[in-house]
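Below is one structure, written out as structure tokens, with a few remarks after it.
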Amino acid sequence: YLLDEDRGVLVQKAAYGPKNPTANEILAPIEIPVGKGIVGSVAATGRSELVRDTREDTRYILDDDVRLSELAVPVVHEERVIGVIDSEHPRPGFYSESHREILTTIASMASTKIASAMTIERLNDTVALLERTKAALHEGERRYRMLYDHHPSMFFTLDATGVVRSANTFAGEQLGYPVTSLVGMPLATLSPAEEAENVAENLSEVLRAPERLHRWESCRLTCDGDRIYVRETARVVNLDDEEDVSILVVSEDITDTFNLARELQYQASHDALTGLYNRREFEARARWAIQDARLEGSEHALCYLDLDQFKVINDTSGHVAGDEMLRQLSGLLRDNLRKSDVVARLGGDEFGVLMQYCSLKRAREIADVLIDAITAFRFQWGERAFRIGASIGLVAITEHMENLSEALACADAACYAAKEAGRNRIHVYAPDDEKVLKRDREMRWAVRISEALERDQFTLYHQPIRSVRADPEETEHFEILVRMSGDHAI
């Protein structure tokens, strides 16, 4: 819903689902007065609303069918509400705070685009008024020029070769050029060198399909070399001289949104403490390696690395010291791996290393380098110096590896075997390795016992303990036994 300030109502502009079955233009848009209903309340207060059960909210307005949960967030541009994004669901309690956060982020990212579209719509109305009313030509032209020059988007008019014919004042201010200097410059020169080919291709596509709007994202360079990320809309402009083709390009600054998206993407794939990849990203890359090995017959290697004696640092010097040690160790791991290797913090003091396109023999050599580097590492905290070690489990990823769970389980079992063998060493996984098989049996029994406890499959028994010699004064003794029954019993 977008705000019609003149009438004080919110007008439905887009819909998805049952409210718009034709997936085309909304034939009968809903209008909601500001302050009325949940959507109107959001527009009035500028605060999002998450209604878990609309039956308990008197503000709920029924339109075509009952929806039992509703989430509405404001679309805010320059601290002013310009619309509301509303989502409804037939099931009560469907929406969560995560939904609210996602929808709020979408509203924030879309606000500039929506505001620009509304401004351009008003600009088009002004131009239409000029065409209809000759008496208002002078005033309308002045208003158009003001909107054109001071519109918060960069406007460029190009010839068919992509050379700038005109630009608005805002474009000159953003890029640091006088408007007169922009005229005559190819648009490609206002973009980084790696973007030049894309600029040419996009403009060619505009000329190939002049009847429609074209949109893409690009980058502009200021006169100082700074980058401004933009979302561009372009179309062929109809002129009196049909042979004289012009292209109008509107560039909206989305640098903040671009940087936020890049930061969110980084946070989603990296560990906040160490800057290494996190478990989610590591598992995604390991899945790719397994698939590559199965499809291409390539070979990779996976390491599971667990620090020895890390708990001593936390217990004696605190978690701040432990965190600093992990940061320093992360740099040490990166410095002793190949550039193509992927290193991640999997949690706590556990790390994973994916050695891409690496034989098991070469992986063992790299693991030896890691062990030596960690052994030589001294962590200084105040007057204390700490030495740590690491146990490494190493497994080859070949075409025989079934899935990620198997790869991680094998690496974990090998790491455990390294610890059992005395720590600060490497163990290479092999299916017939007795140490690994022993670990596997222990893990299976741990699962069996846990499941039997859950199913109440342990029973107490007792039997008397008697002397082989007859003694009428003997006190009774018993042996108490606990037995596991069911499918888990031996």
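The values are calculated or read from the model by the stated rules, or taken from the named source; none is laboratory data. Model, not experiment: these values are computed from the prediction. Here Cβ is always computed from backbone atoms with ideal geometry, including for glycine, and neighbour counts include all displayed protein chains. All accessible areas refer to the heavy atoms of the entire protein, side chains included, with ligands and DNA or RNA removed. Shrake-Rupley method; radii C 1.70, N 1.55, O 1.52, S 1.80 Å.
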Output the residue which, of all residues in region 167-186 that are open to solvent by 40 Å² or more (accessible area, probe 1.4 Å) and polar (S, T, N, Q), is farthest from the chain's Cα centre (by Cα).
THR180
Among the residues of region 83-102 satisfying the criterion of being under 18 Å from LEU3 (Cα atoms) and not hydroxyl-bearing (Ser, Thr, Tyr), which is surrounded by the fewest Cβ atoms within 10 Å (Cβ to Cβ)?
ILE85
Identify the single condition in (1) farther than 21 Å from LYS113 by Cβ; (2) of a type in the set (Asp, Glu); (3) modelled with pLDDT of 90 or more that GLU232 does not satisfy, given that it satisfies every other one.
(1)
Starting from region 287-316, take each residue that is in contact (Cβ under 8 Å) with a residue 12 or more places away in the chain and hydroxyl-bearing (Ser, Thr, Tyr) and list its partners that are assigned to a helix (DSSP H, G or I) and buried (at least 21 other Cβ atoms within 10 Å of the Cβ), counting only C-beta distances under 6 angstrom and pairs at least six apart or across chains.
TYR304/ALA411; TYR304/CYS415
Given the conditions (1) within 17 Å of LEU333 (Cα to Cα); (2) modelled with pLDDT of 90 or more; (3) open to solvent by less than 90 Å² (accessible area, probe 1.4 Å); (4) in contact with a strand residue (DSSP E or B) (Cβ under 6 Å, 6 or more places away or on another chain), and given that VAL428 satisfies all but one, which numbered condition is not satisfied?
(1)
Where ILE85 falls short, out of the listed (1) at pLDDT 90 or above; (2) more than 27 Å from the chain's Cα centre (by Cα)
(2)
Restricting attention to strands (runs of 3 or more DSSP E) lying wholly within region 1-117, give those where 3 or more residues are within 30 Å of GLU252 (Cα to Cα).
2-4, 9-11, 69-77, 80-89
Might you let me know whether region 179-195 holds any residue that is on the phi > 0 side of the Ramachandran plot and of a type outside the set (Ser, Thr, Tyr)?
yes
Kindly list, by first and then second residue, each pair from a residue in region 97-111 that is within 15 Å of ASP256 (Cβ to Cβ) and touching a residue at least 60 places away in the same chain (Cβ under 8 Å) to a residue that is open to solvent by less than 80 Å² (accessible area, probe 1.4 Å) and part of a helix (DSSP H, G or I), limited to pairs with Cβ atoms under 6 Å and residues at least 6 apart or on different chains.
MET109/THR257
Of the residues THR257, THR161, THR189, which is part of a helix (DSSP H, G or I), open to solvent by 40 Å² or more (accessible area, probe 1.4 Å) and hydroxyl-bearing (Ser, Thr, Tyr)?
THR189
Checked region 184-230 for anything under 15 Å from MET154 (Cα atoms) and β-branched (Val, Ile, Thr); matches are THR222, ILE228, VAL230
Sort out which residues of region 390-430 are closer than 16 Å to SER359 by Cβ and among the hydroxyl-bearing types (Ser, Thr, Tyr), and write them in order of number.
THR398, TYR429
